[in-house]
Structure formats: structure tokens, C-alpha cells
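Visitor: One structure is given below, represented as C-alpha cells, and several questions about it will come after.
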Amino acid sequence: MPRAALTVASIVDTAGALADEVGFEAVSLSEVARRLGVRAPSLYAHVRDLAALRDGITEAALRELGSRIALATAGRSGRTALRGLMQAHRGFASEAPGRWQSLQRRADQAVAASEAARSVVALTGAVLRGYALPESEHVHAIRLLGGAIAGYLALERAGSFAYRDPEPDVSWERAVDALDALLRHWPAAPPQEGPRQEKS
């Protein structure tokens with residue numbers, strides 16, 4: 001059976017699957033090439049280097065996460081939309097740990113500005129519009145949600161919650177409740193400070 005032609009998509013898909021198996025940081029061009037049945041130099045016609053391959057994994061992971069968020073939040077608002085958003089992250093982290101890990105890093109500027117990244121931000125913003133939250137505060141709320149979700153999932157993956165009851169699922173739902181309450185009672189922004197006066 002003839003080997004399928006190499007494409008950027010096939011290389012990135014193979015690399016993403018490898019990341020889920022061995023961890024994002026363990027992905028190498030040589031192993032991706034081996035799995036595709038080619039020599040490593042053959043990949044360079046499609047991906048510049050390992051850094052570009054990793055950015056490809058990250059961008060593909062953002063597309064997948066965005067699709068999951070869209071499905072989990074469609075037609076929902078308030079707490080149910082927030083829970084859908086958070087569950088989309090948690091499900092992806094559980095099912096695709098290497099690709100999830102690729103999102104926990106500083107990617108290339110082109111990835112940060114990609115349609116996939118903008119979609120995740122826009123979908124998160126749509127959830128926030130279900131709360132009485134000024135648009136100017138969305139960036140702070142998105143950062144808070146991202147930190148809370150990533151931190152919880154990192155600790156859960158490390159087994160940090162394994163030594164004490166209740167089950168992590170219970171604490172997860174309490175986290176949803178707490179974040180929902182915070183978004184409903186978001187603190188007012190502090191007044192803008194004027195230019196600092198030079199001391200004489």
C-alpha cells in the first residue's frame with residue numbers, strides 16, 4: 001500500500017498524538033518521522049524545525065479546544081455556560097494530555113494571533129457576556145479563569161488531590177460555583193490614577 005503524501009496537517013496530527021502518549025516536551029522530529037515511515041529530513045519541506053512543529057501542535061490544540069467550548073456553551077448562559085466552558089477544558093486535558101500541555105506555554109506570536117486563539121478568546125468572552133461584567137474587565141476575568149482552570153488541572157494531573165476526601169469532582173463543582181459567584185459580583189475597577197507627580 002503506497003504511503004500517503006506528507007502534509008503539514010498529517011505531520012501535526014501525528015505529533016499531537018505522540019504528545020498525548022509521551023508528553024509534549026518529549027516530541028521529536030525523528031520520532032514523528034519514524035511514525036510516518038519517512039526520514040526526518042523529509043519533514044523539513046513542511047515544518048521549519050521543532051519549534052514550528054510545537055507551535056503547530058499548539059494551534060491545532062486551540063482549534064480542538066475552541067470546538068469543544070463552542071459545543072459545551074451553545075445556547076447556555078450564566079453558570080451553565082461557565083460550567084460548559086470549564087468542562088471543555090477539563091475534558092480536553094483528560095483526553096489529550098500532551099496537546100493540553102502544549103497550551104501551557106508561551107507560543108509564537110503568530111499562534112497567539114491565529115484564528116484558533118482568537119476563537120477561544122471570543123468564546124470565553126461570550127460566556128462572560130452572560131454576566132454584568134464591563135467589556136473593559138473581560139481581560140482580567142479571562143486571565144483569572146485561565147489561571148484557575150490551568151492550576152486546578154495541573155494539580156489534579158499531578159495527583160495532588162489523591163490523599164484527602166472528597167473526590168476532585170466535588171471540589172471542581174465548588175470551583176464552578178465560586179467563580180460564578182465572583183463573576184456575578186465582580187469588584188468595581190479602581191479609579192484611574194493620574195500622572196505621577198515628581199517629588200521636589
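Throughout, read-outs are computed from the coordinates displayed, never taken from laboratory work. These numbers were taken from a predicted model, which means no experiment stands behind them. Note that we place each Cβ from the backbone using ideal geometry, even for glycine, and neighbour counts take in every protein chain shown.
Visitor: Which Cα, out of 7, 74, 172, lies furthest along the positive dipole direction of the chain (beta carbon charges, K/R +1, D/E -1)?
Guide: It is 7, whose Cα lies furthest towards the positive end.
Visitor: I need 142, 149, 11 ordered by Cβ neighbour count within 10 Å, fewest first. Numbers along the way, then the final one.
Guide: On the way: 142 16, 149 19, 11 23.
Ranking 142, 149, 11 by Cβ neighbours within 10 Å, fewest first, gives 142, 149, 11.
Visitor: Here is a further query. Run the quick spin-label model on residue 192 and residue 31: label points 7 Å from Cα toward the beta carbon, then report their separation in nm to one decimal.
Guide: 5.1
Visitor: Now for a separate question. In deg cm²/dmol and to the nearest 500, what is the mean residue ellipticity at 222 nm of the chain if only DSSP H runs of at least 4 residues count, each as -39500 (n - 2.57), divided by the residue total?
Guide: Helices in the chain give a 222 nm mean residue ellipticity of -20500 deg cm²/dmol.
Visitor: Please give the FRET efficiency for residue 45 paired with residue 109, using the beta carbon to beta carbon distance and R0 = 25 Å, rounded to the nearest 0.05.
Guide: Efficiency, rounded to the nearest 0.05: 0.55.
Visitor: Could you work out how far apart the two model spin labels at residue 80 and residue 173 are, taking each label as a point 7 Å from the Cα in the direction of the beta carbon, and quote it in nm?
Guide: 1.7
Visitor: Which order do 100, 172 fall in if you start with the one that has the fewest other Cβ atoms within 10 Å?
Guide: 172, 100
Visitor: On to the next question. Given segment 8-184, report the % of alpha carbon pairs whose separation exceeds 30 Å.
Guide: 24
Visitor: A further question on this structure: Taking the dipole about the Cα centre of the chain, with the C-beta of Lys and Arg at +1 and of Asp and Glu at -1, give me whichever of 23, 110, 93 is farthest to the positive side.
Guide: Most positive-ward Cα: 110.
Visitor: Note the full-extension length gain between residue 181 and residue 63 as 0.36 nm times their separation in residues minus their Cα-Cα distance, in nm to one decimal.
Guide: Taking residue 181 through residue 63 to full extension adds about 39.6 nm, to one decimal.
Visitor: In nm, give the distance between the simple-model label positions of residue 142 and residue 162, each being 7 Å from the Cα along the Cα-to-Cβ direction.
Guide: 3.6
Visitor: Next question. Can you put 7, 58 in order, fewest other beta carbons within 10 Å first?
Guide: On the way: 7 10, 58 28.
The order, fewest Cβ neighbours first, is 7, 58.
Visitor: Sticking with this structure for a sec: Which trypsin sites (Lys or Arg not before Pro) does segment 130-167 hold that lie in a coil by DSSP with at most 16 other beta carbons within 10 Å?
Guide: Here the sparse-neighbourhood loop sites are 164.
Visitor: Nothing charged except the Cβ atoms of Lys and Arg (+1) and of Asp and Glu (-1): what's the magnitude of the dipole of the chain about its Cα centre? Round to the nearest 20 debye.
Guide: 240
Visitor: Per residue, how much space in cubic angstrom lies within the convex hull of the C-alpha atoms of segment 12-106?
Guide: 89
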